[in-house]
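Peer 1: One structure follows; several queries about it will come next.
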Amino acid sequence: MKVGVLGAGQLARMIALAGIPLGVEFIFLDPSKDACASGLGQHLLGDYNDPRLLAALAESADVVTYEFENVPADVAAFLAAHTQVHPAPKALAVAQDRLVEKNFFNDLGIATPAYQAVDSLAELEQAMAVIGWPAIIKSRTMGYDGKGQSLLKSPADLPQAWALLAGAPAIVEAFVPFDREVSIIAARSVSGAVVYYPLSENQHRGGILRVSESRAGDGMQPAAEAAILRLMEALDYVGVLALELFEVNGALIANEFAPRVHNSGHWTIEGAETSQFENHVRAVLDLPLGATTAVGKAAMVNFIGGLPDTAALLAIPHAHCHLYGKEPRKGRKVAHATLRTETSAELHTALAQLVALADAVDDS
Ligand code: AMP
């Protein structure tokens, strides 16, 4: 069996590292010569929309998947016409546009912050009368890790925030005074079997995920599972899906979903019986899904912009090191570390050490 992956970054690499022991082969399409998954399979080097390479990918792979959601619609459609593509292009189309995505949530009865599409400064000014302060303006497309976003605290912020978007279509949404951010990750196979991971509790800095902690037995788990199941069924979804949520006053409000394996699920490599990466491979190949049961307490810390000292990291009790083989660059995720312990006390002691190590190299 051969899985084709659009993209050969760290997510593709971790998918391959999980799939190879199952006897699965990989072929990647990625424009970067030193893409970090390239050693784990065949690497088609070139643009994502090169018809010759897409045809080669579709020809060689039994199923094609992707590690990022900004796959151009025509690329996804071309592949779907020639081979199995999971998740299906519809999930990409919804996830790529924040307005379409929020409308989709609302149609499914999944709560979101109040929001409005804005296409001019005048529309933004009018919308603020409805949305209220503070608010966040976000570009509708190509936004990730907080990019293309501005916080709006008063009318004086509007002209600059609008200018930063450089004419890109946008939505403005109410700022949610959340008690915490969580995400739910689930996998659905071609046959429709579904498994859910324990909730991840997430901390961001500057819009980028810093720390995720596994929250097995969390009181919000049933509500999060109900929301993601609705989403998966409406999209006839196959693969791993991540839904990011705000918790406020005991209720969940959807922020966005990612139609792929997700950074907030990296702790599943050591902290769950079957990792999100292995279950993604199983799901797209219609193999039986693996148990998602938490194994002890787990957390993950991202290294952004700078690599950890491996020996110092491994000296932290219960730490597991995952370097991506990427050159450090400002704001770039280059590694993560997972902790898995028996008790919460052990977890939090080690987590404080790991966060200090990450802070020392962080350039964000
Ligand atoms: P996003 O790119 O939409 O995932 O946003 C990145 C991060 O910005 C989120 O994880 C939150 O920490 C914060 N954020 C985004 N939207 C909101 C909102 N409406 N209210 C409060 N915080 C938000």
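The values are calculated or read from the model by the stated rules, or taken from the named source; none is laboratory data. No experiment lies behind these values; they were computed from the predicted model shown. Here the Cβ positions follow ideal geometry from the backbone for every residue, glycine too, while neighbour counts run over all protein chains shown.
Peer 1: Inspect segment 240-247 for any residue being touching a residue at least 60 places away in the same chain (Cβ under 8 Å), outside any helix (DSSP H, G or I), in contact with a His (Cβ under 9 Å, 6 or more places away or on another chain) and more than 12 Å from Glu181 (Cα to Cα) and give the result as yes or no.
Peer 2: yes
Peer 1: Taking the condition loosely packed, with under 15 Cβ neighbours inside 10 Å, more than 10 Å from the ligand (Cβ to nearest atom) and under 30 Å from Ala291 (Cα atoms), does Asp107 pass?
Peer 2: Numbers: loosely packed, with under 15 Cβ neighbours inside 10 Å: yes; more than 10 Å from the ligand (Cβ to nearest atom): yes; under 30 Å from Ala291 (Cα atoms): no.
No.
Peer 1: Okay, moving on. Would you mind finding the one in Ser200, Ser154, Ser212, Ser183 that is modelled with pLDDT of 95 or more and away from the ligand (no atom under 15 Å from the Cβ)? Show your work before the answer.
Peer 2: Numbers: Ser200 fails: away from the ligand (no atom under 15 Å from the Cβ); Ser212 fails: away from the ligand (no atom under 15 Å from the Cβ); Ser183 fails: away from the ligand (no atom under 15 Å from the Cβ).
Answer to the selection: Ser154.
Peer 1: Okay, next question. Among the residues of segment 66-87, write down those that are farther than 18 Å from Ile27 by Cα, over 16 Å from the mean Cα position of the chain (by Cα) and touching a residue at least 12 places away in the same chain (Cβ under 8 Å).
Peer 2: Pro72, Ala73, Asp74, Ala77
Peer 1: Next question. Is segment 132-144 home to any residue that is within 15 Å of the ligand (Cβ to nearest atom), part of a helix (DSSP H, G or I) and touching an Asp or Glu at 6+ places or on another chain (Cβ under 9 Å)? Give the derivation first.
Peer 2: Quick first cut of segment 132-144, residues within 15 Å of the ligand (Cβ to nearest atom) only: 132-144.
Narrowing the set further to residues that are part of a helix (DSSP H, G or I) leaves none.
Taking every residue of segment 132-144 in turn, none turns out to be within 15 Å of the ligand (Cβ to nearest atom), part of a helix (DSSP H, G or I) and touching an Asp or Glu at 6+ places or on another chain (Cβ under 9 Å).
Peer 1: Determine, yes or no, whether Arg329 is part of a loop (DSSP other than H, G, I, E, B) and more than 26 Å from Val238 (Cα to Cα). Before the answer, list the steps.
Peer 2: Working: part of a loop (DSSP other than H, G, I, E, B): yes; more than 26 Å from Val238 (Cα to Cα): yes.
Yes: the conditions hold for Arg329.
Peer 1: Kindly indicate whether any position in segment 211-232 is outside the structural domain of Val63 (by TED's automatic domain parsing), in a strand (DSSP E or B) and in contact with a Ser or Thr (Cβ under 6 Å, 6 or more places away or on another chain). Before the answer, list the steps.
Peer 2: Here is the first cut: in segment 211-232, the residues outside the structural domain of Val63 (by TED's automatic domain parsing) are 211-232.
After this cut, where a residue has to be in a strand (DSSP E or B) as well, the list is 211-215.
Applying the additional criterion that residues be in contact with a Ser or Thr (Cβ under 6 Å, 6 or more places away or on another chain) yields 212.
Within segment 211-232 (the criterion being outside the structural domain of Val63 (by TED's automatic domain parsing), in a strand (DSSP E or B) and in contact with a Ser or Thr (Cβ under 6 Å, 6 or more places away or on another chain)), the answer is yes, since at least one residue qualifies.
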